[in-house]
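Here is the structure we will look at.
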Amino acid sequence: MEHILTLGFLATTIGATWRLATPIIFASIGEVVSERAGVLNIGLEGIMLIGAFVGFWTMYETGHLPLAFLAAVLSGVAAGLVFALFAITIKANQIIVGAAINLLGLGLTSFLFRTYLVHTGQGVRIAPAIDIPLLSGIPYFGAPLFKQNLLVYSTLLLPPIVGFLLYRTSFGLTLRAVGEHPKAVDVAGRSVALYRYGAVLIGSGLAGLGGGYLTLAHANQFVEGMTSGRGFIALAVVVFARWSPAGSFFVSLLFGMFYALQLQLQAEPSIHIPYQALQAMPYLATIVALLLVRNRMDAPATLGVPYRKA
Amino acid sequence: MAGQTLLRIENVHKRFGAVIASAGASIEVREGEIYALLGENGAGKSVLMSILCGVLTADEGRIVCRGVELQPGSPEEAVRRGIGMVHQHFMLVPNLTVAENYVLGQGSPLRVLSHMKAVSARIRELSDKYGLDVRPDALVRNLSVGEQQRVEILKVLYHGIDLLILDEPTAVLTPQETDRLLELLRDLVADGKTVIFISHKLDEVMRVSDRVSVMRDGKVVFTTDTSATNPRELARMMVGRDVLMELPREAARQGEIVLSVRDLACNNELGLPAVRGVSFDVRRNEIVGIAGVSGNGQSELALAMSGLAPATAGSIRLNGEELCGLSPAAINRRSFAHVPEDRHKMGIVLPLPLTENVILQRYNRPPFSARGLLRSRAVEDHTRDLVQRFKVKARDIDVPIQTLSGGNQQKLVVARELARHPDFLLINQLTRGIDIGAMEFVMQEVLKQREAGKAILLISTELEELFAICDRILVIYEGRIIGEMPPDRSRLDEIGLLMAGKEPSARSAGSEPVRVH
Ligand SMILES: Nc1ncnc2c1ncn2[C@@H]1O[C@H](COP(=O)(O)OP(=O)(O)OP(=O)(O)O)[C@@H](O)[C@H]1O
Ligand SMILES: [Mg+2]
């Protein structure tokens, strides 16, 4: 029990928190962009899975890591394009299209994996940890925090970049207006559909990257259904963070912490809690979080509502 | 003052399914004039103007501006040619600032918004020039309707528009705000701009316009110089018959008290006191008016009475039963009907069909439901009946209510509430956006309810509406009722002073004294 209260334990937990939050940070910040434009993409889970699989496959075939990440992003964009085609152009119900994307993601990746890759059994080379000089030398905290791979570090840049895009550019302004009052944008002479496509593709590209992270930086293998609900957790994060990119970063860390604690505590022999109960922690946290957010006032006004031109 | 032809709309046709919104409408607007467009609800005024500014595309016909034919369906092109519109239902994004709304859709999407300081400065400069009092960094959702409208007008000016289209700009304004607006239109014309002005209020049209056209059934049926016509003729042209400007009504009878409000207080959205101890009674066979400049607690009073906002003190009794603390649904089940101030926010659900909007409060009660199932026949019959009786112009009863013109939406809301046969009727803005023919009709219907023994509270910023049907008028100022007046047009000045929070000092001899609470 004493182990848990040590600085070492704390430092490792924080490091693991950040690492485990990373895919959720990518997916949730992407979803912020999409939802700000009024499109609720619950297909994140499926898109992440596709990203994870395509990233892994590309790496397995080519051994080229940047190319594998690129493939993960592009496969996410492709899945997003399918979603956008149905949800925006055809104006189908966004929840149903999202659910279909989730099923497609799970089914397609499982099928392809079993058909082509299941016998391989070997892992791929994953993104190497980068040692930040000086900082990584800090006692206790240095190694767990400052020996991470590039993607983990990049999550620090994502909130300011997306924040800048949303709040400081004409594109972002119009995008937010599209989510609140699409008709005003239409009357101002901009295409609502085009902006929604843009937002969905950015969102699904980031979800694809989050998926790629799982196979190319976290594990070195693809496993069927390996996203295990991270896409849905990212959806909850967006609500909890009130559609703010910076907020999503911090709320993702909170969820990452539950993943980290769960792993750390399982490895702790002195704790006698069934591991299943520990594994349920992030999901329980999600439910509690969603119950806490009662005020939906900040939701974009037309979230989930297709826009019909007169 | 009217110069050469600036713009010609030639033979424009537009239909929505079976509804013909424009049937060969043609108008001509001259440089530097104020051109008024009149017409009943659903005559096709808004549609024609939306076609002019590129928001809708005509099926047929063309628009020529300064000798150049406009490319149809392109708002950018219209703006480039100097045509801009303030829509009947505003086009401002509520959670953006005023300045952000102004740059929305301007310039390259990739542009970084580093120029917002300059935009704000320019807005302040224009706002000062025209005396519009627009603050560039205010959030639109925190602005009153009157303020939002000034924001919309300045937005059009900011975009360098010289043909300004205003679609029923005065429908939501107080008399004072209206006066300011009409003055502004004069200033704009003096500044070399041209204005197209849509209104249902004939006195405004007479006061401000140079020429006027009347539309009926998608066509322009009458055009004249304003100086060569009078309200009676315009009304006849619009409606096709003479319109009563004075409604006959029975003398006031004193029934027993139906609704009794005592020391009611409540807060506004920001938690600040808005209604500060209001007391009044409404009796059977009585219409009590509440006059006041908007923003003096009327909205909050109506919200508190209908249970949509909590009262902080006081009581509201309907037939002796306390309403304070009841939910809106519970109040709805009592004999209480409510025509809300903002039909889009509280009166109707825009994407739902007429039928479902009509039964919003009663869907789960007979005759509309039996054993937990909706009885669509009863719903349809009821809707059809209301649509016919109130002459609501709609393609069918199962179209989304948002496809109706503004005035027709309002008519349906009023029809729905009157049809509930409540003991007490709370009406906040009765005729907002309704044309004069329909206004006469709706007012008569409300008077019929009065004769039938109902108690009615009419909150209005339109003094004309109050004078026409009320038995007595209470004046509200800063959340308090500061006086009671008879509905006597000759005492307009006194009411005006009370509405501005001043004690009327000069009382004409012989008139009934003002009762100050
Ligand atoms: N998007 C739409 N879809 C279907 N019908 C429409 C649509 N827009 C307008 N209409 C119909 O076209 C007709 C003309 O409408 P319009 O809004 O121009 O009337 P209006 O003269 O502005 O009336 P009001 O004074 O009530 O605002 C109406 O019958 C309306 O129901
Ligand atoms: Mg209209």
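The values are calculated or read from the model by the stated rules, or taken from the named source; none is laboratory data. Please read these numbers as outputs of a predicted model, since none were measured by experiment. Here the Cβ positions follow ideal geometry from the backbone for every residue, glycine too, while neighbour counts run over all protein chains shown. All accessible areas refer to the heavy atoms of the entire protein, side chains included, with ligands and DNA or RNA removed. Shrake-Rupley method; radii C 1.70, N 1.55, O 1.52, S 1.80 Å.
Structure notes:
- In region B:1-160, lysine pairs closer than 20 Å at Cα, eight or more apart or cross-chain: 4
- HN-Hα J in Hz across region B:339-356 - Karplus 6.51, -1.76, 1.60, θ = phi - 60°, x for Gly and Pro: 9, x, 5, 10, 4, 5, 7, 10, x, 9, 10, 3, x, 7, x, 3, 4, 6
- Integer Hz, Karplus 6.51/-1.76/1.60 couplings in order for region A:232-240, x for Gly and Pro: 6, 4, 4, 4, 5, 4, 4, 5, 4
- Dipole magnitude (debye, nearest 20) for region B:312-419, charges at Cβ of Lys, Arg, Asp, Glu: 220
- Taking all protein chains together, A:K147, B:K201 sort by accessible area into A:K147, B:K201, largest first [probe 1.4 Å].
- Within 10 Å of each Cβ in A:189-201, the average number of Cβ atoms from other chains: 2
- Chain B - percent of accessible surface contributed by carbon and sulfur, probe 1.4 Å: 49
- For chain B, alpha-carbon Rg over 2.2 N^0.38 Å: 1.00
- With protein chains left intact and a 1.4 Å probe, residues in region B:103-171 average 44 Å² of accessible area per residue.
- Local electrostatic count at B:A18 - Lys and Arg +1, Asp and Glu -1, tallied over other residues with Cβ under 10 Å: +1
- When the C-alpha to C-alpha distance is required to be over 21 Å, the pairs from B:K201/B:K448; B:K219/B:K393; B:K345/B:K454; A:K183/B:K345 that qualify are B:K201/B:K448; B:K345/B:K454.
- Projecting the Cα atoms of B:G107, A:G15, B:G73 onto the dipole axis of the protein assembly as shown, where Lys and Arg carry +1 and Asp and Glu carry -1 at the beta carbon, places A:G15 farthest toward the positive end.
- What the pair-distance distribution of region B:257-499 shows, using all Cα-Cα distances binned every 10 Å from zero, is 8, 32, 37, 20, 4, 0 percent.
- Farthest positive-ward along chain A dipole, Cα basis, beta-carbon charges - from A:L291, A:F53, A:S154: A:L291
- Semi-axis lengths, largest first, of the ellipsoid equivalent to chain A are 33, 23, 19 Å, with √(5λ) applied to each eigenvalue of the Cα gyration tensor.
- Think of chain B as a dipole: +1 on every Lys or Arg Cβ, -1 on every Asp or Glu Cβ, centred on the Cα centre; then among B:L38, B:L184, B:S315, B:S315 lies furthest on the positive end.
- Inter-chain Cβ neighbour count for A:157-170, averaged per residue, equals 2 (cutoff 10 Å, partner chain atoms only).
- Rg ratio (alpha-carbon, reference 2.2 N^0.38 Å) - region B:59-136: 1.35
- Ranked packing of B:67-75, A:36-44, most packed first, by mean Cβ within 10 Å: A:36-44, B:67-75
- Protein heavy-atom accessible area occluded, A/B pair - total, 1.4 Å probe, Å²: 1900
- Percent of Cα-Cα distances greater than 21 Å, calculated over region A:4-131: 51
- Cα-centre dipole for region B:5-239 with unit charges at Cβ (Lys and Arg positive, Asp and Glu negative), debye to 20: 300
- Computed about the Cα centre, the dipole magnitude for chain B is approximately 1100 debye when only Lys and Arg (+1) and Asp and Glu (-1) carry charge, each at its Cβ.
- Within a straight-line Cα-Cα reach of under 20 Å, A:K147 can be paired with the following aspartates and glutamates, leaving aside sequence neighbours fewer than 8 residues apart in one chain: A:D131.
- Placed amide H near B:N268: partners under 5 Å, 5+ positions off or other chain: B:A274
- Solvent-accessible heavy-atom area per residue, rounded to whole Å², over chain A at 1.4 Å: 43
- Value of Rg to Rh for region B:5-239, rounded to two decimals, is 0.96; Kirkwood radius and Rg both from alpha-carbon coordinates.
- The angle between the Cα long axis of helix B:376-389 and the main principal axis of chain B comes to about 70°, on a 0 to 90 degree scale.
- Extension gain for B:A138 to B:R186 (0.36 nm times residue separation, less C-alpha to C-alpha distance): 14.6 nm.
- Both radii were evaluated on the Cα set of the protein assembly as shown; the Rg over Rh quotient, with Rh as the Kirkwood radius, amounts to 1.04.
- For region A:147-158, Karplus couplings with θ = phi - 60° (6.51, -1.76, 1.60), whole Hz, Gly/Pro x: 10, 10, 7, 4, 5, 4, 4, 5, 5, 5, 7, 4
- Rg/Rh ratio calculated on Cα atoms of region A:92-228 (Kirkwood radius): 1.09
- R0 of 22 Å, Cβ-Cβ distance A:V82-A:T115: FRET efficiency to nearest 0.05: 0.55
- Amide H contacts under 5 Å for B:R420, placed H, 5+ residues apart: none
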